[in-house]
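Report on one structure; see the data block that follows.
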């Protein structure tokens, strides 16, 4: 019975994460959702700024702290190992949905591209960002990333085994294609409002910091293999000299 409950829990958490991703697309493109990043302004700019800062900080803390090995070990005192990743996915989705629902648009246009060619080009880059995000999750084992593999193995009464370090597809060009995808969807838009600029800027800073924490954990787990990968492949920009930061 316990195995069945954890399997259902994992599937439910996964379904919520998919819905959250779909909502994120609508939120960042100002389409199909009741409240988007550039919804009508309802609060003074300063008040909106600090509310949004708090929401982004909450997401950043949750997303990073819960991903650290020490926190995972602490969680295992309270939840089964097979449900740990699903719980992380669920709480990350919850933090994002809270951000989307309580986001306070600031208003004001920083820049706007009026030419049809420019708009098509930027929306194409934006779409490529979303495609990159989805493909990357598949390349690095979609089911493992979203907790489904852990729950499924537990349902089958099989031990969870760690995946081997591999660099498929996009990972031959950059070390963090998932973050490249997110940066594209943050920044590739014909109209850059103050709301979007704040969202994109702060999450870009967060991504750059998160990469450092994440790579430290990867070196701890994979050792020399990952260090060699760091020297061979650039972090975010393909084609750069391997010694460059990016």
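Couple of notes before you dig in:
- Some residue of the range 204-216 being within 30 Å of residue 47 (Cβ to Cβ) and part of a loop (DSSP other than H, G, I, E, B): no
So that you can scan it fast, the table gives a plain yes or no per residue for (1) at pLDDT below 90; (2) surrounded by 11 or more Cβ atoms within 10 Å (Cβ to Cβ); (3) closer than 17 Å to residue 177 by Cα:
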{"site": "204", "(1), (2), (3)": "no, yes, yes"}
{"site": "208", "(1), (2), (3)": "no, yes, yes"}
{"site": "211", "(1), (2), (3)": "no, yes, yes"}
{"site": "219", "(1), (2), (3)": "no, yes, no"}
{"site": "227", "(1), (2), (3)": "no, yes, no"}
{"site": "230", "(1), (2), (3)": "no, yes, yes"}
{"site": "242", "(1), (2), (3)": "yes, no, yes"}
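- On inspection, residue 104 fails the criterion of being exposed (fewer than 13 other Cβ atoms within 10 Å of the Cβ), over 18 Å from residue 25 (Cβ atoms) and either touching a helix residue (DSSP H, G or I) at 6+ places or on another chain (Cβ under 9 Å) or in contact (Cβ under 8 Å) with a residue 12 or more places away in the chain (or both).
- Taking (1) modelled with pLDDT of 90 or more; (2) exposed (fewer than 15 other Cβ atoms within 10 Å of the Cβ); (3) assigned to a helix (DSSP H, G or I) in turn, residue 86 satisfies each apart from (2).
- Restricting 131, 110, 120 to residues that are touching a helix residue (DSSP H, G or I) at 6+ places or on another chain (Cβ under 6 Å), exposed (fewer than 14 other Cβ atoms within 10 Å of the Cβ), closer than 26 Å to residue 28 by Cα and at pLDDT 90 or above narrows the list to 110.
- Residues located in the range 107-120, provided they are in contact (Cβ under 8 Å) with a residue 24 or more places away in the chain and part of a helix (DSSP H, G or I): 118, 119
- The listed residue being surrounded by fewer than 18 Cβ atoms within 10 Å (Cβ to Cβ) and not in a helix (DSSP H, G or I), out of 77, 62: 77
- Residue count, the range 39-58 (criterion: outside any loop (DSSP other than H, G, I, E, B), within 19 Å of residue 20 (Cβ to Cβ) and in contact (Cβ under 8 Å) with a residue 60 or more places away in the chain): 2
- Single condition residue 46 does not satisfy, out of (1) surrounded by fewer than 16 Cβ atoms within 10 Å (Cβ to Cβ); (2) within 23 Å of the chain's Cα centre (by Cα): (2)
- Checking each residue in the range 134-167 for being surrounded by 15 or more Cβ atoms within 10 Å (Cβ to Cβ) and on the phi > 0 side of the Ramachandran plot picks out only 147.
- Single residue of 93, 17, 36 found to be crowded, with 16+ Cβ neighbours inside 10 Å, under 26 Å from residue 127 (Cβ atoms), without any contact (Cβ under 8 Å) to a residue 12 or more places away in the chain and touching a helix residue (DSSP H, G or I) at 6+ places or on another chain (Cβ under 6 Å): 36
- Some residue of the range 162-173 being more than 30 Å from residue 3 (Cα to Cα), assigned to a helix (DSSP H, G or I) and within 18 Å of the chain's Cα centre (by Cα): yes
- Selection status of residue 205, touching a helix residue (DSSP H, G or I) at 6+ places or on another chain (Cβ under 6 Å) and free of Cβ contacts under 8 Å to residues at least 12 places away in the same chain: no
- Within the range 184-202, the residues that satisfy the criterion of being in a helix (DSSP H, G or I) and in contact (Cβ under 8 Å) with a residue 12 or more places away in the chain are 184, 185, 186, 187, 194, 195, 196, 197, 198, 199, 200, 202.
The values are calculated or read from the model by the stated rules, or taken from the named source; none is laboratory data. Treat the numbers as computed from the prediction; the structure is a model and nothing was measured. Cβ sites come from the backbone with ideal geometry, for glycine too, and all protein chains shown count toward neighbours.
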